[in-house]
1. With the requirement that a residue be closer than 16 Å to GLU160 by Cβ and among the hydroxyl-bearing types (Ser, Thr, Tyr), what does the stretch 185-210 give you?
2. So how many residues does the stretch 168-181 have that are of a type in the set (Ser, Thr, Tyr), in contact (Cβ under 8 Å) with a residue 24 or more places away in the chain and surrounded by fewer than 17 Cβ atoms within 10 Å (Cβ to Cβ)?
3. Restricting to the stretch 140-157, what's the tally of residues that are open to solvent by 40 Å² or more (accessible area, probe 1.4 Å) and closer than 21 Å to GLY126 by Cβ?
4. Can you find a residue that is within 21 Å of TYR216 (Cβ to Cβ) and not aromatic (Phe, Trp, Tyr) anywhere in the stretch 176-184?
5. Out of all the residues in the stretch 112-142, which are without any contact (Cβ under 8 Å) to a residue 12 or more places away in the chain and assigned to a loop (DSSP other than H, G, I, E, B)?
6. List every residue pair whose Cβ atoms lie under 9 Å apart, where the two residues are 6 or more positions apart in sequence or sit on different chains, the first residue falls within the stretch 205-220 and is without any contact (Cβ under 8 Å) to a residue 40 or more places away in the chain, and the second residue, located anywhere, is buried (at least 17 other Cβ atoms within 10 Å of the Cβ) and in a loop (DSSP other than H, G, I, E, B).
7. Can you find a residue in the stretch 93-111 that is over 13 Å from TYR216 (Cβ atoms), part of a strand (DSSP E or B) and at pLDDT 90 or above?
8. Would a scan of the stretch 158-167 turn up a residue that is in contact (Cβ under 8 Å) with a residue 60 or more places away in the chain, open to solvent by 30 Å² or more (accessible area, probe 1.4 Å), more than 40 Å from the chain's Cα centre (by Cα) and under 15 Å from LEU206 (Cα atoms)?
Amino acid sequence: MRKREIIRLLRNMDENDAAELAERYDGIGDHARLLQKVEQRLSEQEFSPKAEPVLQSTHCAWRSYAAAAACLLLCVGTFAGMFRLAAQAPEQQNAYTIGESCPAANLTSSGTLRITVENSGFLKNGQYQVILTVKNDNALAPDGSQVFLADNFLLAVESENGVWRTVSPCSISDTGEAYPYAYRLADGQELTLTLTYRPEETPRALVTSHSVGSPYITLTEE
C-alpha cells in the first residue's frame, strides 16, 4: 500500500486501528510512532497558514464615491443656478439720463407714467427750463382718474440723509387744459410739457419723489 493511501486511511483511525494495520502490512514498523507521525503530518496540513488572497469589497467604497460625486454635482448645480439667476435678474435702476425713459414714482395708483427729459438748461433770464415728455402706460392718478398734476415734477438741487431738497415749477405750458398745473392723459397717449423753475443753485436731477432711492433723471454730471 502506498504511503498516501495509508495516510488517507489513517486520517480517522485511532491507535488500535493503526496497530491492526501495522500487523497486516509488513514494513510499516512501530505502529505508535507511525500514528504519531501521521497525526503530526495531518495536523500540519490542516492548520498550516496559507497565503489566501484577501478580497476587499469595493461596494461600499463605490457607494461613497458615488454619493460624494452626486453631492458635488448638486452643489455645483445649485451655485450655477444661483449665479445664473443673479445674472438674469434685472438690476434695479434709479438714475436715468437725459433722453432715457424713466418711471415716475408716487404719481399713480396703478400702471406707470413714463417720463423722458428731452432737453434742459438755464434761460437768459436765469430761470431753468425742462422739456419733458410724459407717456401713459395703463396708469391712473391717485384719485382713480386720468388727470395728473404737473407740479409734481420737481428739480432736485442737493440731497441730505437720503432726501432731496427740491424746487417746484413756477410755470407749466402745453398742458392742454384750462387749469395750468394739471393735464389729462389717456392710456397710450403721450404729451410734451415745458416746465420752468427758479432754482438758486444748478439742479442735479428731475424727480417725482423726495427719496433718493426712487427713480430720477440726472440733469448734470455728478
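The values are calculated or read from the model by the stated rules, or taken from the named source; none is laboratory data. Bear in mind the structure is a predicted one, so any value in this text is a computation, not a measurement. Methodologically, a virtual Cβ is constructed for each residue, glycine included, from the backbone with ideal geometry; neighbour enumeration extends over all protein chains shown. With ligands, DNA and RNA removed, areas are computed over all heavy atoms of the protein, side chains included. Shrake-Rupley method; radii C 1.70, N 1.55, O 1.52, S 1.80 Å.
1. SER209, the sole residue that qualifies.
2. 3
3. Looking only at that region, the number is 1.
4. no
5. Those that are without any contact (Cβ under 8 Å) to a residue 12 or more places away in the chain and assigned to a loop (DSSP other than H, G, I, E, B): LYS124, ASN125.
6. THR220/PRO203; THR220/ARG204
7. Scanning the stretch 93-111 turns up at least one residue that is over 13 Å from TYR216 (Cβ atoms), part of a strand (DSSP E or B) and at pLDDT 90 or above.
8. No, the stretch 158-167 has no match at all.
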